[in-house]
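The values are calculated or read from the model by the stated rules, or taken from the named source; none is laboratory data. Please read all numbers here as calculations on a predicted model, not as lab measurements. Glycine also receives a Cβ, built like all others from the backbone with ideal geometry; neighbour counts cover every protein chain displayed. Calculation scope for accessible area: heavy atoms of the full protein, side chains included, ligands and nucleic acids excluded. Shrake-Rupley method; radii C 1.70, N 1.55, O 1.52, S 1.80 Å.
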Amino acid sequence: MRLTYPSSIKIVKVPCTGRVAVIHLLRALEKGADGVFVAGCMEGDCKYQLGNIRARKRVEYVRKLLATIGLEPDRVAMYNMSSGEGPRFAEISREMTEKVRMLGPNPIRIKGVEKEKAA
Amino acid sequence: MIMARPKPIEEIVREIKDLDKVLVAGCNGCVAVCEAGGLKEVEILASALRMYFARQHKKMEVGEVSLTRQCDREYLGELRDRVGDYDAVVSLACGAGVQFMTETYDKMRIFPGVDTCFIGVTDEKGVWSERCQACGSCLLATTGGICPISRCSKRLLNGPCGGSSKGKCEIDKEVACGWQLIYERLKGLGELKRFEQPTPPKDWISSREGGPRKMTKEESRL
Amino acid sequence: MSAMTPSKLEKILAAGHLAVTSECGPPRSANGALVDQKARIVGPYIDVINVTDNQTAVVRMSSLASCIRIKQLGFEPVLQMTTRDRNRIGLQSDILGAGAFGINNVLCLTGDHQRFGDHPGAANVFDLDSTQLIQTVKLMRDEGKLLSGHEMDVRPQMFIGAAENPFADPFEVRVLRLAKKVAAGAQFIQTQCIYNMEKFKLWMGQVVDHGLNEKVSILAGITPMKSVGMAKYMKSRVPGMDVPDSIIKRLQGVAKEDVAREGINIAVEQIQELKECPGIRGFHIMAIEWEEKVPEIVERAGLYPRPDVN
């Protein structure tokens with residue numbers, strides 16, 4: 001399958017979304033990403049049992065935190081898909097990119113080097 | 001240990017908004033265990049503050065550090081060379097740590113970054129509950145190891161009151177009735193005799209009521 | 001049993017009569033005339049009038065001040081005292097004050113938690129609990145001492161009461177706790193409002209089995225239901241209240257304009273039934289903001305006129 005997804009997305013690989021901490025999501029934004037989404041396995045299918053559930057809770061926490069510091073919560077999102085769903089990943093990537101584009105550039109961009117990022 | 005919860009960011013912002021350089025100082029003791037003021041929380045708060053002020057187009061440098069403990073001068077001393085670079089410190093330690101930081105660096109403005117809540121335990125990951133109010137004269141031996149002062153909403157010594165219902169306290173259906181727990185425990189131990197004796201008024205002098213407390217262990221002093 | 005204090009309630013019980021008590025909730029203002037008005041309605045039909053102490057943790061005129069007004073009208077008050085708002089200094093001071101005004105009955109309570117009241121952010125005290133307050137009053141009366149050991153020349157002459165809720169949990173603790181209050185010095189008990197007759201009789205049976213009815217006078221708590229809404233509210237919202245569905249169904253079963261009368265009927269029937277219950281020494285009729293119905297209940301229950309013991 002040769003699927004295309006927006007070239008503005010930078011992928012950060014982690015062994016499990018359970019490895020994604022709150023600070024990782026915040027740092028991505030602080031360093032200039034316009035948005036971040038966490039792509040986890042389907043709920044109930046985590047190889048480490050609860051990794052993706054934990055990630056979802058952390059994403060929810062970050063979204064609330066963003067609201068309190070004047071950033072749009074929608075810059076951060078959690079998606080679930082199985083590893084066999086390449087087309088779904090491409091589709092979500094486009095969807096998230098579009099959503100973030102509507103929000104405009106990250107208003108706190110300090111250096112402006114990194115762009116959208118996915119893990 | 002001592003349990004605390006992070007203060008809302010708005011509250012911290014209100015105190016530091018007119019400053020330029022702030023150090024967020026965590027404590028790796030109790031508040032790290034209850035995920036309120038350890039290194040992780042320092043990083044999150046510092047990052048959030050930087051983003052907040054960037055959004056406001058306000059220059060703000062936010063430093064990060066976390067000490068082994070803030071209730072010992074030895075560890076607080078580690079900041080001696082750094083602290084002068086900042087306009088203020090936001091301490092994520094418990095109320096004791098914040099005050100000791102204030103006493104150690106008496107020229108520095110120190111703001112609390114957490115609300116200190118109680119002495120308690122970790123029920124499960126992410127859930128903490130109270131067990132002790134540091135009354136200064138422990139009576140757990142007579143109550144089957146369950147404290148009526150911290151577990152009964154009215155700190156009754158001859159409970160349970162008439163508001164105990166189905167094992168829960170009258171103030172909240174989520175709160176266990178401390179005296180129901182004590183009763184069951186004493187019954188299980190075959191020590192109900194203890195329950196049947198009226199407990200006389202407690203001497204609260206060793207508690208908060210007696211004024212700020214201090215203790216000395218002479219043989220430990222240098 | 002012979003009376004040890006000038007308390008009319010004690011004399012009535014000592015003479016073997018069924019006692020009848022009621023209560024007045026003081027106003028949420030400085031309107032003392034309102035206390036008088038309520039006292040004049042119930043006073044002639046009962047033996048003593050309880051005055052609540054900031055009940056449900058809502059600020060009201062002080063119990064002691066209201067008791068003094070009632071006393072000055074010629075009726076006999078029962079000073080209710082909770083340990084929620086005053087420490088042992090304040091409590092003992094008010095007991096001395098009550099003694100100085102010839103108030104001879106005190107009901108020792110812990111008090112509802114302030115979370116339900118009109119000042120949920122208030123600090124509470126609970127320096128003593130109700131059992132310890134009983135011990136304190138007894139010490140003051142019998143030994144002429146304060147908790148500090150200070151000896152007084154004129155002692156407060158108090159007939160000491162306490163409350164008990166047979167419907168709270170754990171059920172098996174209730175009689176043990178009553179025994180504790182009796183051991184501490186309680187002489188009369190006013191119970192929580194009784195609706196679940198079966199459970200109440202079960203509790204009363206245990207009281208008799210423990211021989212507690214020989215040591216303390218149990219006054220059964222009666223509260224007439226004014227409406228179906230009140231019954232439902234008491235069932236679901238009031239801590240420690242046990243209202244069986246049968247009561248609600250009975251109130252629902254009559255025409256709307258007859259509900260209040262049915263509530264009175266139930267109260268009268270409850271008194272009639274409990275008169276036969278071994279160990280019951282009287283009734284405590286709590287007609288909440290419905291004091292004007294107390295005379296009717298007392299008369300219909302065959303408890304009027306009240307005996308003269310003075």
Give me log10 I(q)/I(0) at q = 0.11, 0.13, 0.17 Å⁻¹ for the stretch C:32-184, Debye formula, one equal scatterer per alpha-carbon, no solvent. -0.45, -0.63, -1.05
Averaging the inverse of every distinct alpha carbon separation and then flipping it gives the Kirkwood radius. What is it for the stretch C:206-270, in angstrom units? 13.4
Which number do you get for Rg(Cα) / (2.2 N^0.38 Å) in the stretch B:133-200? 1.04
When chain C is treated as a Gaussian network with springs between alpha carbons less than 10 Å apart, the largest mean-square fluctuation among C:ALA15, C:ALA57, C:ALA287 is found at C:ALA15
Counting only helical runs of four or more DSSP H residues, what would the 222 nm mean residue ellipticity of chain C come to if each run contributes -39,500 (n - 2.57) and the total is spread over all its residues? -11500 deg cm²/dmol
Taking Cα atoms of chain B, Rg/Rh with Kirkwood Rh, to two decimals? 1.08
In Å², rounded to a whole number, the accessible area per residue of the stretch A:10-118 with probe 1.4 Å is 53
Given the rule -39500 (n - 2.57) for each run of at least 4 DSSP H residues, summed and divided by the residues of chain B, what is its mean residue ellipticity at 222 nm, to the nearest 500 deg cm²/dmol? -7500 deg cm²/dmol
For the protein assembly as shown, give the share of DSSP beta bridges that are antiparallel, in percent and rounded to the nearest 5; count only bridges with both residues there. 20
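Just the accessible area per residue of the stretch C:19-80, please: how many Å² with a 1.4 Å probe?
Accessible surface, normalised per residue, equals 34 Å².
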Using only protein heavy atoms and a 1.4 angstrom probe, determine the accessible area buried between B and A, summed over both sides, in Å² to the nearest 100. 1300
Accessible area per residue, 1.4 Å probe, Å², for chain B: what's the number? 54
The protein assembly as shown, dipole about Cα centre (Lys/Arg Cβ +1, Asp/Glu Cβ -1), debye to the nearest 20: 1660
Heavy-atom accessible area, 1.4 Å probe, ligands and nucleic acids excluded: residues of the stretch C:82-129 down by at least 50 Å² from chain alone: C:HIS113, C:ARG115, C:PHE126, C:ASP129
For the stretch C:72-131 and the stretch C:31-66, what is the centre-to-centre distance using only Cα atoms, to the nearest Å? 14
With the solvent-accessible surface defined on protein heavy atoms using a 1.4 Å probe, which residues belonging to the stretch B:177-222 display a reduction of at least 30 Å² in accessible area in the multichain context relative to the isolated chain? B:GLN180, B:TYR183, B:PHE195, B:GLU196, B:PRO198, B:PRO201, B:TRP204
For the stretch C:132-274, Rg(Cα) over 2.2 N^0.38 Å is 1.29
Given contacts defined as C-alpha pairs under 8 Å and at least six residues apart, what's the relative contact order of the stretch B:133-200, whole-number percent? 30
Relative contact order computed over the stretch C:236-310 (Cα-Cα under 8 Å; 6+ residues apart), in percent: 24
Find the centroid of the Cα atoms in the stretch B:192-220 and in the stretch B:107-133, then give the distance between the two in whole Å. 23
With runs of 4+ DSSP H residues as the only contributors, calculate the mean residue ellipticity of chain A at 222 nm using -39,500 (n - 2.57) per run, divided by the residue total and rounded to the nearest 500. -12500 deg cm²/dmol
So what's the net charge close to B:PRO200: Lys and Arg +1, Asp and Glu -1, counting the other residues with Cβ under 13 Å from its Cβ? +1
To the nearest 10 degrees, how steep is helix C:197-209 against the longest Cα principal axis of chain C, on a 0 to 90 scale? 40
Shielded by partner chains, the stretch A:23-56 residues - at least 10 Å² of accessible area, 1.4 Å probe, vs chain alone: A:ILE23, A:LEU26, A:ARG27, A:GLU30, A:ARG54
Out of every Cα-Cα pair in chain C, what percent are more than 32 Å apart? 22
Angle between chain C longest axis and helix C:171-184 axis [Cα atoms, degrees, rounded to 10]: 30
Please compute the contact order of the stretch C:53-137 in relative form: average sequence separation of alpha-carbon pairs under 8 Å and at least six residues apart, divided by the residue count, as a percent. 38
Nearest 100 Å² is fine: what is the total accessible surface buried where chains C and B meet, probe 1.4 Å? 2500
Distances over 25 Å make up what percent of all Cα-Cα pairs in the stretch B:2-118? 13
With the Cα gyration tensor of the protein assembly as shown in hand, give its eigenvalues times 5 under a square root as the equivalent ellipsoid semi-axes, listed largest first in whole angstrom. 61, 31, 23
Pairwise centroid distance, computed over Cα atoms, of the stretch B:158-188 with the stretch C:134-202, Å: 20
Please identify the DSSP H helices in chain A that span no less than 24 Å along the helix axis (Cα) and have a mean Kyte-Doolittle hydropathy of -1.0 or more. A:51-68, A:86-103
About the Cα centre of the stretch A:10-118, how large is the charge dipole given +1 on each Lys and Arg Cβ and -1 on each Asp and Glu Cβ? Please answer in debye to the nearest 20. 420
Alpha-carbon Rg/Rh ratio, for the stretch C:49-91, with Rh computed the Kirkwood way: 0.99
Across 5 Å bins from 0, what is the distribution of all Cα-Cα pair distances for chain A, in whole percents? 2, 12, 23, 24, 21, 12, 5, 1, 0
Identify which of C:GLU76, C:GLU164, C:GLU198 has the largest mean-square fluctuation in a Gaussian network model of chain C, with springs joining Cα atoms closer than 10 Å. C:GLU198
Residue with peak Gaussian network fluctuation, chain C [Cα springs, cutoff 10 Å], from C:PRO278, C:PRO26, C:PRO170: C:PRO170
State the percent of C-alpha pairs, over all pairs in the stretch C:254-310, separated by a distance greater than 18 angstrom. 40
Hey, any idea what % of the protein assembly as shown's accessible area is carbon plus sulfur with a 1.4 Å probe? 52
